[in-house]
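Engineer: I'd like to ask you about the structure that follows.
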Amino acid sequence: MTIGGHMPVKFDSEFAMTIDGELVFSEKKIPVLNPATEEVVAHAPDCGAAQLDAAVRGARQAFNEWRSTSIEIRRKLLEQLATAILDHLDPLSKILTLEQGKALEASKAELLGSVDWIRKTASLELPQDVRQDSGSSAAIRHLPLGVVAGIPPWNYPVNLSAMKIAPALLTGNTLVLKPSPFTPLSMLKIGELARDIFPRGVFSVISGGDELGPLMTAHPGFDKISFTGSTATGRSVMRSAAPTLKRLTLELGGNDPAIVLPGVDVPAVAQTLFWCAFTNSGQICLATKRIYVHEDIYDTFMNVMVETAKAVKVGNGLAPETQLGPISNRPQFERVKALIKDSIDNGHEILAGGLPEQKNGYFIPITIVGNPPENSRIVQEEQFGPIIPVMKFTDVEDAIKRANALDVGLGAMVWGGDHDQAIAVGKRLEAGTVWVNQPPQLAASIPFGGFKQSGIGSEGGVEGLLAYTVTQSLWSKI
């Protein structure tokens, strides 16, 4: 097993893919825009079918040796990757802000969170079990699947990549990762860092346009697809993977409700829920996207939300005063604008924000819609941007019914002065993760996934590790 021996990574150099331990360029390239200015900041390689084949071939060749490598060595190398990211925090943060748009401090926080996730995942243990029956024993083994395709989205391109890298490699699989064409740059550089850490072929990073994803999900050389993205694209991934029965982990869309019961500290909860909705300009799968507030506290709650919105600085992520950046890409920018326009056209109460002014950059003002009807687009559709509908309720049974009415169920929150009541409400919500009297958080030791059409399988925890393995029962006579 050969590790290391490459030249130091140059962050001001041309961006390249890492395929089978080598830097690889391509004649065809894709432009990467800064969403704050709409200017091209760099070009990324546009991986073709032949280069994808080479990445899969290298991963397959590396698999047998990597699966036989002790888990202690795999842990050590993952720790080295985490350290390499930490050592390059500043240049990686700038690249991430330039390509994704978020504030520079938010980019640093994403990278630090990725470091933490890799380290904590590397400390997890696969279960070991021996069972006996009728004079025989069976060792229950959890073996690596083979070659994994990791496809993370553009909203948290490093953090959501780390959630695929760490469990896939720890369990003995090899991995080919394809970041979003909107945000490939930071992961391409992390791929370069990984060349000095992992044996060749174990971890490759490729980039490309919209054609590359379907090539990966249909490729017969992959044993598993780990995809994070929209529910609609998740369905396409399933169809594409079906002919070879690839294993799937799909972390898909949500439209996460929050229910606010009477008896809470209204200003404090309103402030907290504001940031649950608008952190990363609302571009979080687990962001609060619908808020149901009891009528007795609705007006006070809304006043705090609106005043908070007015005070927040939206701007270029590189500006030190910026708290929230732009929408990450034009298609999503246009989609969010369409949702706002629909609310305006239907006479919904716009308490803050509204349609953006015509200027450079994909900036959307923080928008709060007061008590729109339940069947409106802004309630029924996941907005994935800085707009939130806030609805009144009188009866908690009605709030639970409305919260559960959609065909997705990723996350949910309950806030209540009576903690036992809030827990009881939380247990009835149809979501993979429910937070009670606290904002959303994730941990590498705790699984998360979705109900209904919010996905298949789990990420995080031992459950997330097992999703990268196949179970073998090894019988023998006692």
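Just so it is clear, none of the values below were taken in a lab; they were calculated from the coordinates. Model, not experiment: these values are computed from the prediction. Using ideal geometry, Cβ is built from the backbone for each residue, glycine included, and neighbour counts are taken over all protein chains shown.
Engineer: Within 11 Å, Cβ to Cβ, of I327, how many net charges do the neighbouring residues add up to if Lys/Arg are +1 and Asp/Glu are -1? Please list the in-between numbers first.
Structural biologist: Numbers: positive: K102, R330, R335, K337; negative: E334.
It works out to a net charge of +3.
Engineer: Below 8 Å, C-alpha to C-alpha, sequence gap of six or more: please give me the relative contact order for region 256-443 in percent.
Structural biologist: 27 percent.
Engineer: Now, a different point. With a point put 7 Å past each Cα toward its Cβ, work out how far E65 is from A49 in nm, to one decimal.
Structural biologist: 3.0 nm
Engineer: Here's a follow-up. Which length gain, in nm to one decimal place, applies between S123 and D299 when the Cα-Cα distance is subtracted from 0.36 nm times their residue separation? Mind dumping the intermediate values first?
Structural biologist: Values: separation 176, 0.36 × 176 = 63.36 nm, distance 4.71 nm.
Once the chain is fully extended between S123 and D299, it gains 58.7 nm.
Engineer: Working only with C-alpha atoms, what are the Rg and Dmax values of region 256-443, expressed in angstrom?
Structural biologist: 15.7, 49
Engineer: Taking loop as defined by DSSP and a crowding limit of 11 other beta carbons within 10 Å, which trypsin sites (Lys or Arg not before Pro) in region 247-332 fit? Please list the in-between numbers first.
Structural biologist: Numbers: sites: R247, K289, R290, K310, K313; in loops: K313.
Within region 247-332, the qualifying trypsin sites (Lys or Arg not before Pro) (loop, at most 11 other Cβ atoms within 10 Å) are K313.
Engineer: Hey, another quick one. Gain in length, I446 to E72, computed as 0.36 nm per residue apart minus the alpha-carbon separation, to one decimal in nm?
Structural biologist: Working: separation 374, 0.36 × 374 = 134.64 nm, distance 2.16 nm.
Using 0.36 nm per residue and subtracting the Cα-Cα distance, I get 132.5 nm.
Engineer: Among all the aspartates and glutamates, which ones have a C-alpha under 12 Å from K29's C-alpha, if same-chain residues fewer than 8 places away are not counted?
Structural biologist: Correct list for K29: E14, D46.
Engineer: Nearest 10 degrees is fine. How inclined is helix 159-170 to the longest principal axis of the chain, computing both from alpha carbons?
Structural biologist: On a 0 to 90 degree scale, this one is about 30.
Engineer: For the chain, take the longest principal axis of its alpha carbons; what is the angle in degrees between that and the long axis of helix 104-122, to the nearest 10 within 0 to 90?
Structural biologist: On a 0 to 90 degree scale, this one is about 50.
Engineer: What does the charge count near K224 come to, summing +1 for each Lys or Arg and -1 for each Asp or Glu among other residues with Cβ under 9 Å from its Cβ?
Structural biologist: Numbers: positive: K246, R247; negative: D223.
Its environment carries a net charge of +1.
Engineer: Give me the distance in nm between label points sitting 7 Å out from Cα along the Cα-to-Cβ direction at F25 and S230, one decimal.
Structural biologist: 3.4 nm
Engineer: Do any of K289/K341; K189/K313; K102/K178; K189/K224 go past 28 Å between their Cα atoms, and which? Could you put the intermediate results ahead of the total?
Structural biologist: Details: K289/K341 17 Å; K189/K313 30 Å; K102/K178 21 Å; K189/K224 24 Å.
Going by Cα-Cα distance, K189/K313 fall outside the 28 Å limit.
Engineer: I've got another one for you. Label points 7 Å out from Cα along the Cβ direction at N346 and E463: separation in nm?
Structural biologist: The modelled label-to-label distance comes out at 3.3 nm.
Engineer: Next question, about the same structure. Bin all alpha-carbon pair distances of region 376-421 at 5 Å intervals from 0 and give each bin's fraction as a whole percent.
Structural biologist: Going from the shortest bin to the longest, the percentages are 5, 14, 26, 29, 17, 8, 2.
Engineer: Which of the peptides 378-386, 333-341 is most tightly packed, and how do the rest follow, judged by the mean count of other Cβ atoms within 10 Å per residue?
Structural biologist: Result, highest mean Cβ count within 10 Å first: 378-386, 333-341.
Engineer: I need the calculated FRET efficiency for the pair K359 and L89, taking r as the beta carbon distance and R₀ as 30 Å, to the nearest 0.05. Please list the in-between numbers first.
Structural biologist: Working: r = 32 Å, r/R0 = 1.05.
With a Förster radius of 30 Å, E is 0.40.
Engineer: As I understand it, the value is the acute angle between the Cα axis of helix 49-68 and the longest principal axis of the Cα atoms of the chain; what does it come to in degrees, rounded to 10?
Structural biologist: Value to nearest ten degrees: 70.
Engineer: Over region 303-407, what portion of Cα pair distances is larger than 18 Å, expressed as a whole percent?
Structural biologist: Details: 2859 of 5460 pairs.
That fraction is 52 percent.
Engineer: Another question about this same structure. With every atom except the alpha carbons ignored, what do you get for Rg and Dmax of the chain, in angstroms?
Structural biologist: 23.0, 77
Engineer: Trypsin sites (Lys or Arg not before Pro) within region 345-403: which are DSSP loop residues with at most 12 other Cβ atoms inside 10 Å?
Structural biologist: Numbers: sites: K359, R377, K392, K401, R402; in loops: K359.
Listed in order of number, the matching sites are K359.
Engineer: First select every other residue whose beta carbon is under 10 angstrom from the beta carbon of S137; then total the charges, Lys and Arg +1, Asp and Glu -1. Numbers along the way, then the final one.
Structural biologist: Numbers: positive: R131, K477; negative: D133.
That works out to +1.
Engineer: Relative contact order (percent) for the chain, with alpha-carbon contacts under 8 angstrom and 6 or more residues of separation? Before the final figure, lay out the partial values.
Structural biologist: Values: 1103 pairs, mean separation 91.4, N = 478.
That works out to 19 percent.
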